[in-house]
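In what follows, a structure is listed as C-alpha cells, so that the remarks can point back to it.
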Amino acid sequence: MMRFNGSKHGMLVSLIILILMWLCEFSSVVDAKKHVRITNELAEGLTLTIHCKSKDNDLGVHQLAYNTYFEWSFHENIWGTTLFFCNIQWLHGNADFDAYDAKRSDFACDDCKWFATTDALYFVDSGTGESVLYYAWPPPAKP
C-alpha cells in the first residue's frame, strides 16, 4: 500500500483544489447563455425566410414579416466550437452566414443581433452597438 508523507499529501490536496477552481471558472464561461436574434427590417410587405441550424440542432424554417424577429438561446459546448449557420432569403436575394461562431471573436457574442434591410444584411457589434455591413445584396436583375 502506498503512503503519502506530509509534503506529498499537501501537494496532492493543493493540486486538487487548483483543478476544482479551474473547473469552476471554466464552467462559468461555458454556462454563460448566448442569444441570437435575426430581424426583418426589409420593408412593409416583404417577408424574410430564415433557416438556421448547428451540427446538432435544426431550428427550422421561419417566415418573418416586416419588423418581426426570430431568436434563440443556447449554451456553448465545452470544446468552444459552437457554430450556428443560417440561410436567409427574400424577394431579391439570399445569403448564407454564420450567425454565431465561437471560434471567431467577432461572432462570439453573448447577445448577437442581425438584421436584414433591402440593401444588406447587418451585424450589430456588441462592443460598440454599431451596425456593421456583413453582406450587401446584389442589385436586382434588370428586365
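The values are calculated or read from the model by the stated rules, or taken from the named source; none is laboratory data. Keep in mind that this is a model prediction, so the values were computed, not measured. Note: ideal-geometry Cβ built from the backbone for every residue, glycine included; neighbour counts use all protein chains shown.
Test Glu76 against the criterion of being among the acidic types (Asp, Glu) and at pLDDT 85 or above, and give yes or no.
Answer is yes for this residue.
For region 81-92, give me each residue that is closer than 12 Å to Lys34 by Cβ and out of contact with any strand residue (DSSP E or B) (no Cβ under 6 Å at 6 or more places or on another chain).
Quick first cut of region 81-92, residues closer than 12 Å to Lys34 by Cβ only: 82-84.
Answer for region 81-92, where residues must be closer than 12 Å to Lys34 by Cβ and out of contact with any strand residue (DSSP E or B) (no Cβ under 6 Å at 6 or more places or on another chain): just Thr82.
Restricting the search to region 49-69, which residues are closer than 14 Å to Phe84 by Cβ and assigned to a strand (DSSP E or B)?
Ile50, His51, Cys52, Lys53, Asp58, Leu59, Gly60, His62
Taking only region 35-76 into account, find how many residues are among the polar types (S, T, N, Q), surrounded by fewer than 16 Cβ atoms within 10 Å (Cβ to Cβ) and touching a residue at least 40 places away in the same chain (Cβ under 8 Å).
3
Just give me the residues in region 70-107 being within 11 Å of Leu59 (Cβ to Cβ) and more than 11 Å from the chain's Cα centre (by Cα), in sequence order.
Passing the criteria: only Phe70.
From the set of residues in region 90-114 that are surrounded by 19 or more Cβ atoms within 10 Å (Cβ to Cβ) and touching a Leu at 6+ places or on another chain (Cβ under 8 Å), which is modelled with the lowest pLDDT?
Within region 90-114, the match that is modelled with the lowest pLDDT is Tyr100.
Here is a check on your reading of the model: is Val36 over 15 Å from the mean Cα position of the chain (by Cα), at pLDDT 90 or above and part of a strand (DSSP E or B)?
no
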